[in-house]
Structures are given as structure tokens and as C-alpha cells.
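Some notes on the structure that comes next.
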Amino acid sequence: LQKELLKYKQEARNLQGIKDALQQRLIQQDASVLQLKQELLRANMDKEELHNQNVDLQRKVEERNQLLAEYKKELGQKDRHLQQHQTKLDEMLRQLSEASYQQV
């Protein structure tokens, strides 16, 4: 009976050792899970910030594209006016040249 009692005590110590080791492992895993949750939270916050920056940049690009389209339209109008003035100038120079030629 004494021998059996020692055997069970030894088994109880072994089981307690296993339990302690498993509890320690569980504590480490809980710490790892907590760290991973914090990293995930930071990553999600970074992702959200990058998304917001991307939306802002896309809005700015659209604004710039609108300005660019307006500038191109304006430039086209100015080119047409310049062409019209150049045509008038050429015609006036031709008339002036003819008038000078007729005077001579």
C-alpha cells in the first residue's frame, strides 16, 4: 500500500509538472495572441490611413485633371484667336505691301 501511495504521489507530481508546463505554455501563447492582435490592430489602422491618403490623392488627381482639361480648352481657344489674328495680320501686311507697291 505504501508503495502504491508513493507511485500515485509520483504520478501526481508528474501530472502537476505537466500541468504547470502547459499553463506556462498557455500564458506564452496568450501573450503571443495579444501581441498579434496589437500588430493586427496597428496594421488595420495603417491600412485605413493609407486608404484615406489614397482617396485624398485620387481626389487631388481628379481636380488636377479638371484643371488640365480647362487649361487645354483655354489654350485651344487662345490658339484659334492667335490664328485669327495672324490671318488678319498677314492680310493687312499684304494690303500694306500692295498699297506701297501701287504708290511707287
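Looking at Gln58, Gln86, just one residue is polar (S, T, N, Q), surrounded by 10 or more Cβ atoms within 10 Å (Cβ to Cβ) and within 27 Å of the chain's Cα centre (by Cα), and that residue is Gln58. No other residue among Lys73, Lys78, Lys7 is at pLDDT 95 or above and within 32 Å of the chain's Cα centre (by Cα) apart from Lys73.
The values are calculated or read from the model by the stated rules, or taken from the named source; none is laboratory data. Keep in mind that what you see is a predicted model, and the values were worked out from it rather than measured. Counting neighbours? That spans all protein chains shown, and the Cβs are built from the backbone with ideal geometry, glycine included.
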